[in-house]
Amino acid sequence: MSLRLYNTLTHAVAPFVPIVDGEVRMYVCGLTPSAEAHLGHARSFLFFDVLRRYLAHPRNGYHVTYVQNVTDIDDRSIAAAQNEGASVEEIVAKYYGRFKDGMRALGVREPDLEPHATQHIDAIVDMIAELVATGHAYVTGDGVYYAVKSFPRYGELSHRNVDELLVGARIAENEQKNDPLDFALWKLAKPGEPQWPSPWGSGRPGWHIECSAMSRELLGVPFDIHGGGYDLIFPHHENEIAQSEALMPPHSHLANVWMHGGLLNFDGRKMSKSLGNFEPLGVLLGRHDPLAIRLLFLQTGYRKPMNFTEDAISAANSAVEKLRRAYDALAKVSGTGGDELTATIIAAAARFFDTLDEDMNTAGAVGVLFDVANTVPKIVAADAGAAAAAARALFEDGLGVLGAGDILTRTVAVAAAADVDPVKIERLRTALADAIAFNGESPAGVVERVIDARNAARKARDFALADRLRNALAAEGIVLTDGKDGSTTWTAGGA
Ligand SMILES: [Zn+2]
């Protein structure tokens, strides 16, 4: 099998064929940093991170160029700057920095290129000038607008026609445009607003033109994959297509495959603060295990809407533990038994990748890893060394391509896990409830969560928190030993 992807443009799953052999160029619409990012933003970036990893994995072997832009000038960031008494640059630096910390915690790799709109004003102005020259845009008293009726294919991506779209469309009082569907390419500056020179007067670019200009400049057109959240299909991606394709040869497309990640909802009935509705991403990730969140996202089809609930995060915490324990248990198996078990694992490995090939079915692929975890007791009982080695390799390769390899390596739990006194664990849980959102872990899992949080605090040089966590464990007789390889072991002896 080979990789097949769902294309929003055609409404169909089809084999992925790159434009240039061995190379994939992809563009994903990034953040407009004007407020705290939340978990909903993270979901779609996390999916495209997995897609990118799989495209580059030896199974596909593509050289991937991944571009994700930053909309660093926008009505919203200008408003935030006024509200917070800061400059737009300060607002962008603050919120974008926090967003990137969150992405790192979730294991999302850095983009290859991260263009900021304000650093590509020349390319943007050039493209607007081309659209004006070819009759696709016009100049008014407040800026430059795209003439939607000049592009007959408008609506192709969202599968709607212009007449449908016109229903309910209005021209706002402060906009001098000819048609309600037309949209701004360049906005003339009001006094005190950030501005750049242009042939039409000083101002700033509209949001949509930034992506068209920067994708053309950095990747060239057409490119292979254009991605973003489901909410960007209309109008943002429809407008990108109108701008870019108006300047391309007839019948050519800006991108061969358009992919959209489903939206994230929070459990409306509970609305508990610990779930993180409206909670800043960084705060949420400090209290929930980022790896459990990553696994939870992977366990849901990327195109489906997803509900983030207490039950779901609780199940994901148990799932992380289950995979880790299965992997640890396999390390002790070195016998020569169980040939048929080896065959089972080899078949599972093939199934893992075949499942991923079918439009990035990460939920099915993770399911295969749990099938393997369920086979581990048999492998241990048969002392089947070859099956154990194959299963460990599948866990490493499989979780690696999903960006969740840390599940296997971050903490080595040993000895006496079964002997942890539940009363001590309950005291530990209560003492640290303000620092860590425990949820569904086994007693040993609670200890590991604290150890992980302590190691994360040390990495972040928050030594006060690290000491507090270590002392809380020590108070319950749990002793840590830090290994030279960065792992931490623990014993639950003592009083
Ligand atoms: Zn975009």
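Here are a few things to note about the model shown:
- Spin-label pair residue 17-residue 358: with each label point 7 Å from Cα along the Cα-Cβ axis, the two points sit 2.3 nm from one another.
- Highest mean first, the peptides 7-14, 46-53 sorted by other C-beta atoms within 10 Å per residue fall in the order 46-53, 7-14.
- Average 1/r across all pairs of distinct alpha carbons in the range 423-495, invert it, and you get the Kirkwood radius: 12.4 Å.
- Taking every protein chain into account, the 1.4 Å probe leaves residue 154 with about 10 Å² of accessible area, to the nearest ten.
- Rel. contact order, % - alpha carbon contacts under 8 angstrom, at least six apart, the range 78-208: 19 percent
- Pairs from 322/424; 94/190; 322/378; 424/459 whose Cα-Cα separation, in the structure shown, is over 19 Å: 322/424; 94/190; 424/459
- The angle between the Cα long axis of helix 463-475 and the longest principal axis of the Cα atoms of the chain comes to about 30 degrees, rounded to the nearest 10.
- The range 417-491 - percent of accessible surface contributed by carbon and sulfur, probe 1.4 Å: 55 percent
- Relative contact order computed over the range 417-491 (Cα-Cα under 8 Å; 6+ residues apart), in percent: 26 percent
- Each peptide in 462-468, 315-321 was scored by the mean count of other Cβ atoms within 10 Å over its residues; highest first, the order is 315-321, 462-468.
- For the chain, the relative contact order is 15 percent, taking Cα pairs closer than 8 Å that sit 6 or more residues apart in sequence and dividing their mean separation by the residue count.
- As a rough guide to protection, the peptides 98-111, 287-300 ranked by mean Cβ packing within 10 Å, highest first, stand as 287-300, 98-111.
- Averaged per residue, the range 288-409 has 36 square angstrom of accessible surface, using a 1.4 angstrom probe with ligands and nucleic acids left out.
- Counting only aspartates and glutamates at least 8 places from residue 332 when in the same chain, those with an alpha carbon closer than 12 Å to its own are 383.
- Mean residue ellipticity, 222 nm, helices only, the chain: the sum of -39500 (n - 2.57) across DSSP H runs of n ≥ 4, divided by residue count and rounded to 500, is -14000 deg cm²/dmol.
- Straight-line cross-link reach from residue 177 at under 16 Å between alpha-carbon atoms covers these aspartates and glutamates, not counting any fewer than eight positions away in the same chain: 142.
- Calculated over the range 4-264, the projected area of the Cα convex hull averaged across directions stands at 14.2 nm².
- Compactness ratio for the chain: Cα radius of gyration over 2.2 N^0.38 Å (N = residue count) comes to 1.11.
The values are calculated or read from the model by the stated rules, or taken from the named source; none is laboratory data. Computed from a prediction, not measured in an experiment: that's the story for all the values here. A quick note on method: Cβ atoms are made from the backbone with ideal geometry, for glycine too, and the neighbour counts reach across all protein chains shown. We work out accessible area using only protein heavy atoms, side chains counted, and drop any ligands, DNA or RNA first. Shrake-Rupley method; radii C 1.70, N 1.55, O 1.52, S 1.80 Å.
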